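Written below as structure tokens is the structure these notes are about.
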Amino acid sequence: MHPEYEVLDWRGRSYFADFAYLPGPLKLLFEIKGYAAHVRDMDRQKYSNELNRETFLYGMGYQVLSFAYDDVEQRPDLCITLLRLALSRHQTIKAPDGRVQLMEKEVMRFVVGQAGSIRPKDVADFFALNPRRVRMLLSGLCEKGWLVPVKRGDGMRNVQYELGREVLHYWD
């Protein structure tokens, strides 16, 4: 990770990204944007320059990931989850040993893609599984702590599941 990473723009001017992550062919730039400097105090020309700069960086092979300063300060867990989701597209994972492990990992990938919350019906529909198999699969993921059941109504039925707090650290 490179802090204050310098990139020359199309005009030959220096631009400093807050952080750069450059593992081989992947080139990621991270921006932490404060409301005042990046929105409130921005006029039409500054807005155009910002969009042109990001498009230029994209054309040069960089991907820019932007985070709000307020989220970094007040909701770091959200930023970590979003960052892991974005980076997971570029991550290779060792193939699981068994069929159950493979299905569990695919379900977890699906949950992350659904912003961390799913219903059993979502899993059944997406993977074309019968409801009994889905209940067994989700129950096993809850036992591992990867999912947490969300009870509704009288508290007897699990109608929704959310990511467990530490689940994304499994793939570290």
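Mind listing just one residue for me: the one in segment 139-151 that is open to solvent by less than 40 Å² (accessible area, probe 1.4 Å), among the aliphatic types (A, V, I, L, M) and touching a Leu at 6+ places or on another chain (Cβ under 8 Å) and, of those, farthest from Arg165 (Cα to Cα)?
Result: Leu141.
Can you find even one residue in segment 15-24 that is without any contact (Cβ under 8 Å) to a residue 12 or more places away in the chain and of a type outside the set (Ser, Thr, Tyr)? It would help to see each step written out before you state the result.
Narrowing segment 15-24 to residues without any contact (Cβ under 8 Å) to a residue 12 or more places away in the chain: 23-24.
Still in the running and of a type outside the set (Ser, Thr, Tyr): 23-24.
Scanning segment 15-24, I find at least one residue that is without any contact (Cβ under 8 Å) to a residue 12 or more places away in the chain and of a type outside the set (Ser, Thr, Tyr), so the answer is yes.
Based on what the data block shows, is Ile80 in contact (Cβ under 8 Å) with a residue 60 or more places away in the chain and hydrophobic (A, V, I, L, M, F, W, C)?
Values: in contact (Cβ under 8 Å) with a residue 60 or more places away in the chain: yes; hydrophobic (A, V, I, L, M, F, W, C): yes.
In short, yes.
Pairs needed: first member in segment 113-138, free of Cβ contacts under 8 Å to residues at least 12 places away in the same chain and open to solvent by 50 Å² or more (accessible area, probe 1.4 Å); second member anywhere, among the acidic types (Asp, Glu) and in a helix (DSSP H, G or I); C-beta distance under 8 Å; at least 6 residues apart or different chains.
Gln114/Asp122
The values are calculated or read from the model by the stated rules, or taken from the named source; none is laboratory data. What you see is a predicted model, and the numbers here were worked out from it, not measured in a lab. Neighbour counts are summed over all protein chains in view; Cβ atoms, including those assigned to glycine, are modelled from backbone coordinates with ideal geometry. For the accessible areas, the whole protein counts, side chains as well, though only heavy atoms, and no ligand, DNA or RNA atoms are used. Shrake-Rupley method; radii C 1.70, N 1.55, O 1.52, S 1.80 Å.
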